[in-house]
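Novice: The structure's right below; bear with me while I get my questions together.
The values are calculated or read from the model by the stated rules, or taken from the named source; none is laboratory data. No experiment lies behind these values; they were computed from the predicted model shown. Positions of Cβ are generated from backbone atoms using ideal geometry, with glycine treated the same way; all protein chains shown enter the neighbour counts. Just so you know, the surface numbers come from the protein's heavy atoms only, side chains and all, with ligands and any DNA or RNA stripped out. Shrake-Rupley method; radii C 1.70, N 1.55, O 1.52, S 1.80 Å.
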Amino acid sequence: MTTTVKAYGATSATAPLEPLTIERRDVGPHDVRIDIDYAGICHSDIHTIRGDWGPIQYPQVVGHEIVGRVAEVGASVTRHRVGDLVGVGCQSNSCRTCAQCEQGNDQYCLNGNTQTYASVDPADGTITQGGYSQAVVTDENYVVAIPEGLDPERTAPLLCAGITLYSPLQHWKAGPGTRVAVVGMGGLGHMGVKIAVALGAEVTVLSRGTKKRDDALGFGAARYVDTTDSAAMRELRDSFDLILNTVSAELDIAAYLRLLDVDGTLVNVGAPTEPFRVPAFSLIPRRRSLAGSTTGSISEIEEMLAFCAEHGIMPETETVAAEGINEAWERVLSADVRYRFVIDTHTL
């Protein structure tokens with residue numbers, strides 16, 4: 001048995017999003033049904049619908065930054081109760097048996113974890129549909145509790161943007177005495193600045209133009225550099241231990257690698273559609289590394305949420321109604337948002 005819910009989705013790669021109805025599976029023994037209150041808009045949503053990362057099946061509802069209340073639990077559920085404030089991020093299942101899952105790295109499941117949208121749901125073989133909808137049914141182990149102190153209306157972006165920056169900052173041990181640069185200060189980048197500052201790192205923002213300078217400094221960055229200023233960029237060579245690149249567009253990656261000190265690492269969390277050109281001598285002379293990082297494990301998401309609650313870290317958001325989603329997407333593409341849109345799903 002399934003339940004029909006209202007949603008907003010796309011019927012093709014070129015069509016605007018429109019009102020739809022979708023089916024949610026019946027709640028199984030280990031499932032949680034969540035009545036969604038808010039869903040963040042991520043650039044990944046747009047890439048997916050437009051087919052930038054490969055073909056998908058339509059109609060498709062996206063959204064992997066989900067916050068809502070538990071409305072129903074399966075008979076064997078122990079982690080959550082009806083009425084709890086909870087969230088769902090980018091992944092909603094994994095094999096649980098591979099080496100990475102057993103080590104707690106379910107985001108790197110060797111058998112391919114189940115994405116919250118545009119993925120095959122192991123529960124029933126359907127294509128997963130995301131959070132631009134009234135409700136979702138998810139295995140209890142991939143639902144996280146939202147701590148007290150986090151504003152539900154602003155929390156959703158933490159489940160993608162927040163964890164996508166928190167995970168590499170923790171993995172590469174950002175903290176007191178480390179010099180961190182964040183490339184791009186959009187939805188991802190502004191979270192990287194806030195979290196890195198809270199970890200105690202010295203943070204520099206590298207962004208085009210100067211319009212975000214005051215924001216960056218207000219978020220705690222020690223320095224802001226306009227990347228179009230070639231002289232200022234030259235002065236930064238050999239300056240950083242860790243660079244987080246959040247830009248999902250073509251970039252002269254060699255120019256940024258040269259900013260790393262010996263044994264420094266540039267971690268790419270943005271996902272451009274075109275490959276980078278990486279000259280060997282942008283790496284060899286300083287034993288530099290170029291790396292990538294995805295989101296985080298379920299346990300790491302819980303850790304990140306607790307960290308943000310403790311340090312008062314929240315995304316900068318703008319709430320939109322369902323009828324404004326297409327306009328919000330256009331504004332994301334033109335970088336006209338500071339810094340993340342959140343959909344009030346009660347307006348569906």
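Novice: Test each condition in (1) of a type outside the set (S, T, Y); (2) open to solvent by 30 Å² or more (accessible area, probe 1.4 Å); (3) farther than 23 Å from G89 by Cα for E303 and report the one that comes out false.
Specialist: Exception for E303: condition (3).
Novice: Let me spell it out: the conditions are (1) more than 17 Å from Q91 (Cβ to Cβ); (2) assigned to a loop (DSSP other than H, G, I, E, B), and R33 meets all of them except one. Which number is the exception?
Specialist: Condition (2) is where R33 drops out.
Novice: Do we find a residue being in contact (Cβ under 8 Å) with a residue 60 or more places away in the chain and surrounded by fewer than 20 Cβ atoms within 10 Å (Cβ to Cβ) anywhere in the stretch 271-285?
Specialist: Scanning the stretch 271-285 turns up at least one residue that is in contact (Cβ under 8 Å) with a residue 60 or more places away in the chain and surrounded by fewer than 20 Cβ atoms within 10 Å (Cβ to Cβ).
Novice: Check E235, E153, E202 and return the single one that is under 21 Å from the mean Cα position of the chain (by Cα), open to solvent by 10 Å² or more (accessible area, probe 1.4 Å) and either at pLDDT below 95 or acidic (D, E) (or both).
Specialist: The unique qualifying residue is E153.
Novice: Need the failing condition index for D263 against (1) under 25 Å from Q115 (Cα atoms); (2) charged (D, E, K, R); (3) in a strand (DSSP E or B), just the number.
Specialist: Failed condition: (1).
Novice: Something else about it: Taking the options D215, D241, name whichever one is within 13 Å of R286 (Cα to Cα), touching a residue at least 60 places away in the same chain (Cβ under 8 Å) and open to solvent by 20 Å² or more (accessible area, probe 1.4 Å).
Specialist: Only one candidate passes the filter, namely D241.
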